[in-house]
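Working notes, structure below.
Taken together, the values in this text are just the output of simple stated rules run on the coordinates, not laboratory data. Treat the numbers as computed from the prediction; the structure is a model and nothing was measured. Cβ placement follows ideal geometry from the backbone for every residue including glycine, while neighbour counts extend to all protein chains displayed.
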């Protein structure tokens, strides 16, 4: 816990300055006092043994005496930016029970005008910073500040507080920002609003499921809760007589940042933050720590004791257990993030494989295209059927590989061609389907990643899938690559027919629409996973090409969290699963714009009537009045129905990932190496049966 008395590490605090007019319960007033989150945080940094530089905007009326007081206490105020107009000014009214009210004396929009901008940050100052603390400010400003610091000072740690103006109902943007910093430091109230969970462990688990692996939740008298990877640790608060809790959260952030700058562990830093905050609340005023915090060695010792008293409160069902490396469920999340680039690469068709296959199919006079595979590969064929029917000039037949090999092959008409789909190129039933179709005299194309695999060797030719994978996880990027390749083929066939210009433009928009869907669906998907978690089973409903999406969503529940998912068409639910759906049961309705949309709305009305909990995945707001607990997961707008499975599959994949994290599962959950080997031997066994 020692510190260098000559050059303590630097914490740059970026935040706001205010002028506060205080009314105490006694009726006494203190006019024109110095306020602002940056002041509380910067004085805490000094008290915790680091040096502090303050970056904020000061209005024309900001009192010079306040600046002198900050500088006398050791805060570097040389980077304050003077702007025209007033400083934000507030009445702060304290009630006898400790509550306080804030009455803004300047217009609300002034808060935006005085918030820091990247241009306010001195490059030389950033270059010396060990930590940059981004205090509470409007979300757009925080995003720009964080991006600028990350680019300009890559070696500096970034801590981030939240602001009351943030719209936590649109959580994806907050999750994205929180995951881009080193430590996200919300209050427990803000974290509850963001995640919908009121217990610290559950709330931090939802945060982890959304991709935010490191956070410190400020829980006032309950202390602080540290999320570091899959572990949650509670650090107790410092016992103190509360005189004024104003700025306690900012003081905690300053102490935390100082500890990190000094090289302390995150738990030690949180203990130091708790000690500084506990000291601050024993007095009033933004500069109180310069008085009550003079015993810095005593505060450091208190922080050390609090860290030693910390306890692991991780719950196996609430946070991610550390899984075997090659089956780490986080691989799934990272692969989902690559999907926009995967789609761009597939649609570009850089080597011309898709265009060449389209020409060969046209030259052969192919009239029937059989799309066959197992699992995700079969779903990809089903999802692409509508695009072929509408645009290719061929009749598409999505058929499971077992059915094609054993029950359909003898009845396939002349003019048939088969695309046998298997990313691994080792699936036995798909190989069997290819062999049987070739024996019947049909052209068979292997769509696979394995150029020398058994499927490619069993086929007439190969359509390569060049998709990087990051490990063993439920297929996401590979599924989208297979689907996008089929869609690109349908459009290539349309191009040969001379009417694909608009289709080509629609395909070109898909990567951006995928990125938008991932951004806006991130928060709702994490919330949906929490809603699905208590359910013993989940129904996924879809129509047309998105019945395949429903099947894909159910499969991700099997493969990731090992939960029971049931997939059916929108219509069949009303005839079957309706009878076993109870009030409160979550039902995932995949209902983007298209021919089945209106029927999906009718089924949604039935779900609401019976008290189920719908999770609606759509590019359109649902009609009617939502029921309590109903969740909407947005898709990017403007995607044609035949291409919509590309965006619609993303939320079910994210939900599967989040649910796996919440339940502590890793990919597939094989009980051991023998079980894994037996499983893949069963899938890869390429027996050739006698067709019916």
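Things worth noting here:
- By average C-beta atoms within 10 angstrom, highest first, the peptides 424-437, 459-472: 424-437, 459-472
- Between 0 and 90 degrees, the angle of helix 428-439 with respect to the longest Cα principal axis of the chain falls at about 30 degrees.
- Sites residue 147 and residue 690 - FRET efficiency at Förster radius 60 Å, r taken between beta-carbons, to 0.05: 0.45
- Residue-normalised convex hull volume from the C-alpha trace of region 10-312: 119 Å³ per residue.
- Taken over region 620-668, the convex hull of the Cα atoms encloses 100 Å³ per residue.
- Residues of region 239-276 with amide N under 14 Å of the 7 Å Cα→Cβ point at residue 26: 243-244
- At an R0 of 45 angstrom, the distance between the Cβ atoms of residue 242 and residue 341 translates into a FRET efficiency of 0.30.
- Helix-only [θ]222 nm of the chain, DSSP H runs n ≥ 4, -39500 (n - 2.57) each, per residue, nearest 500: -13000 deg cm²/dmol
- The length gained by stretching the chain between residue 632 and residue 562 to full extension, at 0.36 nm per residue less their Cα-Cα distance, is 22.8 nm.
- Relative packing of 505-514, 393-402, which averages over residues the other C-beta atoms within 10 Å, highest first: 393-402, 505-514
- Expressed per residue, the C-alpha convex hull volume of region 330-676 stands at 131 Å³.
- When only Cα pairs below 8 angstrom with a gap of at least 6 residues are kept, the chain shows a relative contact order of 12 percent.
- Cα-based helix-to-principal-axis angle, 545-559 vs the chain, degrees rounded to 10: 60
- DSSP beta bridges fully contained in region 10-312 are about 45 percent antiparallel.
- Anisotropy class of region 1-113 from Cα gyration tensor, a/c 1.5 cut: oblate
- Of (i) 198; (ii) 135; (iii) 178, the label for volume of the Cα convex hull per residue in Å³ derived from the coordinates: (iii)
- Cα long-axis angle, helix 296-308 against the chain (0 to 90 degrees, to the nearest 10): 30
- Nitroxide proxy distance, nm - points 7 Å out along Cα→Cβ at residue 457 and residue 78: 7.2
- Pair residue 625, residue 128: separation of 7 Å Cα→Cβ label points (nm): 6.2
- Quick note on region 45-190: its Rg to Rh ratio, both from C-alpha atoms and Rh being the Kirkwood radius, is 0.96.
- Three-way shape call for region 338-386 based on the alpha-carbon gyration tensor, with the a/c threshold at 1.5: oblate
- Three-way shape call for region 407-498 based on the alpha-carbon gyration tensor, with the a/c threshold at 1.5: oblate
- Stretchable slack from residue 180 to residue 499, in nm (0.36 nm times residue separation minus alpha-carbon distance): 110.5 nm
- Highest to lowest packing among 623-630, 521-528, scored as the average C-beta count within 10 Å: 521-528, 623-630
- Between residue 95 and residue 305, the distance separating the two model label sites (each 7 Å from Cα on the Cα→Cβ line) works out to 3.4 nm.
- Based on the convex hull around the alpha carbon atoms, region 458-520 presents an average projected area of 6.4 nm².
- Share of alpha-carbon pairs per 10 Å distance bin for region 173-286, given as whole %: 16, 47, 31, 6
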